[in-house]
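Trainee: Dropping a structure here in structure tokens format, bear with me for questions.
The values are calculated or read from the model by the stated rules, or taken from the named source; none is laboratory data. What you see is a predicted model; the values in this text were computed from it and never measured. Quick reminder, even Gly has a Cβ in these numbers, built from the backbone with ideal geometry, and neighbours come from all protein chains shown. Side chains included, ligands, DNA and RNA excluded: accessible areas come from the protein's heavy atoms. Shrake-Rupley method; radii C 1.70, N 1.55, O 1.52, S 1.80 Å.
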Amino acid sequence: TGDGYQAWLGYHRIAPGNVYEQYAALKAITVNENAEVIRTAVTELSRGLQSMLGYEPVVEESGESAGSIVLGTFGNNAIVDRTFAEDTRSAIGPEGFAIKAVKENRSIVIGASTAPGVLYGAFHLLRLMSTGEAVDNLDVVQNPVNQLRMINQWDNIDGSIERGYAGKSIFYKDNRITTDLERVRDYARLLASSGINAISINNVNVHKYETRFLTEAYLPDVAKVAAVFRAYGVKMFLSINYASPLEIGDLTTADPLDPGVREWWRAKAAEVYAAIPDFGGFLVKADSENRPGPFTYDRDHADGSNMLAEAVKPYGGIVIWRCFVYNCKQDWRDRATDRARAAYDHFKPLDGRFMDNVILQVKNGPMDFQVREGVSPLIGAMEQTNQMIEFQITQEYTGQQRHLCYLVPQWKEVLDFETYAKGEGSPIKRIVDGSLYGNRFSGFAAVSNIGDDANWTGHLLAQANLYGYGRLAWNPELTAEAIAEEWIRMTFGGDEQLVRTIRGMLMDSWSIYEDYTSPLGVGWMVNPDHHYGPNVDGYEYSKWGTYHFADCHGIGVDRTMATGTGYTGQYKGPNVEMYESLASCPDELLLFFHHVPYTHVLHSGKTVIQHIYDTHFVGVERAEQLQAKWSELQGSMHEGLHQQVAARLAEQAAHAKEWRDMINTYFFRKSGIADQLGRKIY
Ligand code: GCW
């Protein structure tokens, strides 16, 4: 259909006479286990095969008969056990799977050590078919690289979504948890099919009624949502309010070292686990942007998180504690305070003090999900502490799903960043997968970009970010191109020109957006509060610590040790010098690290001011080209899908001009330096 609701699980009908029709294995499903997640795998397989091939496979219990997809866990299914030798089985972790096409009896066998592994195997087989891959020679073993592959919803019970750009919440309606769980189930399918295994279902800013999710007024409904996700192997978490003992208990303090407070949380955890035995744990934003936390009691983040960790420990629960902690009441006149330093300065000294079921969740950059910023130096800086990375799928600062911005290339740059945390060979991806320091818990989290818009993400092409996030969390080695291509084939089918065109558009989109927005890593320059659209000085005299310091001579934030805030000193090894020195600082981050004159010459050979003009003119042209490329695809997909994207791309091209002209005019007026090419500046 033309609304995009099926997203990448539309499983387009493959033209009759296709290779799969000859393959007997695809005519039946053999399964002898009843675990809920295995039943889900069967349902998904049946649904996908029927949709692609036009007939419903027979589901049978015993599978000695040839020509079937056989599903099962090791030790519970004779065919599975016979198919996979001991060395294969021992290579498969808790969520991994093996798939083998067995020629002799024309079957495909999916084996795993757990039910979720079987489900991931089933989705993998479906993905191969829906991207046109052969399945008659399969011999695959896969394990997820990251243990936690989590989604954070920033949804509020009134149905609004903080930084949501795709409609209202699918979880809440009329100040209640929704009882119509159909859409939540469809979301669980999308998540599981891309490899996600955990979700927190409420905003990290936990307001009055959401604080009560931990009480009997809401717990039964919360448990119903957990049950929907459970069927897809997705564990549920809640964001909690640090001040809960005051707000929903009758205590007068939330001091983490107070025995009464600790006891209150233990009892609360017992209540939650009684309702949801496999509950994941708590996600906490504390002492951050006016949220309550342990600072009120002169305690620190280790005290606060350990108290909660102790409460959930008996149930195998974990506490995910966010590190987005900084002074949000800064005086813009104060040039010594640097928000970029804050997370490291707060948390690094606490290394070694966190319980082993606490994970620190650190945003990919030290500021806040800008189109370009440095990589957070906190990631990898705490050898004795579990860490996970936080990305933002929702496009708060990257065009709010009105502009196209495929974020997988950005995330990959972050993941591949060499930190030197343990010498060479310490990229971010090896820290967050837990392998560098041998962490007990680790992984990925990201803020979701979905809402109740028919196509989930507002901009249809923004679905690629949700899909891509899951795939990257499963395997950070996948390329951004390969992920894009999978998503395109699954979503639109396999027309080669279409695949090439959309892949090119996605791959160019981040750099296009960067071209016409804030230059050279300096960030911000957006309208305050809602963060959409250009406003160069929107945050320049604010309390948020987000400045560019442009004057008539130059621009940028001096974060060097020599003359600036000293932030560069938070990096390790050669990175310190790379950023400290103007000579080696990469162009794209120049203004993030240095304050330079407009006449400063970049590695590219251009001056800063000419770079600003050029990228802004080119950025608009490139945005217009996106529109032109898309129009060539008319007729190669459902008209409804084509139209919705065309409308967004038109808006983007128009709005890019607004960015271009405001930024260019601002800097022309500040600097008085003319564009070498004499283009129109207002
Ligand atoms: O990016 C900022 C957002 C806030 C958000 C905060 C956070 C949930 O503007 O809306 O609050 O970050 O990550 O806590």
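Trainee: Just the residues that are more than 16 Å from the ligand (Cβ to nearest atom) and of a type in the set (Phe, Trp, Tyr), please, taken from the range 296-326.
Mentor: Hits for the range 296-326 are TYR297, TYR315.
Trainee: Suppose we keep only residues that are in contact with a Leu (Cβ under 7 Å, 6 or more places away or on another chain) and in contact (Cβ under 8 Å) with a residue 60 or more places away in the chain within the range 200-220. Which one would you say is farthest from the ligand (Cβ to nearest atom)?
Mentor: Applying the filter and picking the extreme gives SER200.
Trainee: Something else about it: Examine the range 392-408 for a residue that is within 14 Å of the ligand (Cβ to nearest atom), outside any loop (DSSP other than H, G, I, E, B) and surrounded by 23 or more Cβ atoms within 10 Å (Cβ to Cβ), and state whether such a residue exists.
Mentor: Checked the range 392-408: at least one residue is within 14 Å of the ligand (Cβ to nearest atom), outside any loop (DSSP other than H, G, I, E, B) and surrounded by 23 or more Cβ atoms within 10 Å (Cβ to Cβ).
Trainee: How many residues, within the range 535-550, are open to solvent by less than 20 Å² (accessible area, probe 1.4 Å), over 28 Å from the mean Cα position of the chain (by Cα) and not small (Gly, Ala, Ser)?
Mentor: 1
Trainee: Take the range 220-242 and flag every residue that is open to solvent by less than 10 Å² (accessible area, probe 1.4 Å) and either among the small types (Gly, Ala, Ser) or more than 20 Å from GLU36 (Cβ to Cβ) (or both).
Mentor: ALA226, LEU238, SER239, ILE240, ASN241, TYR242
Trainee: What are the residue pairs meeting all of these: first residue in the range 393-422, first residue closer than 18 Å to TYR516 by Cα, second residue within 15 Å of the ligand (Cβ to nearest atom) and open to solvent by 30 Å² or more (accessible area, probe 1.4 Å), Cβ atoms under 8 Å, and 6 or more apart or on different chains?
Mentor: GLN395/TYR165; GLU396/ARG163; GLN400/TYR165; GLN400/TYR532; GLN401/TYR165; ARG402/TYR165; ARG402/TYR532
Trainee: So, of the residues in the range 185-218 that are open to solvent by 10 Å² or more (accessible area, probe 1.4 Å) and of a type in the set (Phe, Trp, Tyr), which turns out to be nearest to GLN361 (Cα to Cα)?
Mentor: TYR209
Trainee: Could I ask something else about it? Report whether or not VAL37 is under 20 Å from GLY195 (Cα atoms), crowded, with 18+ Cβ neighbours inside 10 Å and of a type outside the set (Gly, Ala, Ser).
Mentor: yes
Trainee: Within the range 261-293, restricting attention to residues that are within 16 Å of the ligand (Cβ to nearest atom) and farther than 17 Å from ILE359 by Cα, which residue is nearest to the chain's Cα centre (by Cα)?
Mentor: If we take residues in the range 261-293 being within 16 Å of the ligand (Cβ to nearest atom) and farther than 17 Å from ILE359 by Cα, then GLU289 is nearest to the chain's Cα centre (by Cα).
Trainee: Checking the condition crowded, with 22+ Cβ neighbours inside 10 Å and not hydrophobic (A, V, I, L, M, F, W, C), which residue from GLY458, GLY434, GLY504, GLY438 passes?
Mentor: Step by step, each of GLY458, GLY434, GLY504, GLY438 is checked, and only GLY458 is crowded, with 22+ Cβ neighbours inside 10 Å and not hydrophobic (A, V, I, L, M, F, W, C).
Yes/no matrix, rows are residues, columns are (1) touching a residue at least 40 places away in the same chain (Cβ under 8 Å); (2) surrounded by fewer than 17 Cβ atoms within 10 Å (Cβ to Cβ); (3) more than 22 Å from the chain's Cα centre (by Cα); (4) part of a helix (DSSP H, G or I):
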| site | (1), (2), (3), (4) |
| --- | --- |
| THR337 | yes, yes, yes, no |
| ALA340 | yes, no, no, yes |
| PHE347 | yes, no, yes, yes |
| PRO366 | yes, no, no, no |
| GLN370 | yes, no, no, no |
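Trainee: Now a separate question. Quick one: which of VAL447, VAL432, VAL414 is β-branched (Val, Ile, Thr) and within 24 Å of VAL645 (Cα to Cα)?
Mentor: That would be VAL447, the only listed residue that is β-branched (Val, Ile, Thr) and within 24 Å of VAL645 (Cα to Cα).
Trainee: Still on this model: Go through the range 363-384 and give me each residue that's in contact with a strand residue (DSSP E or B) (Cβ under 6 Å, 6 or more places away or on another chain) and either farther than 26 Å from ASP452 by Cβ or among the acidic types (Asp, Glu) (or both).
Mentor: LYS363, ASN364, SER376, LEU378, ILE379, GLY380
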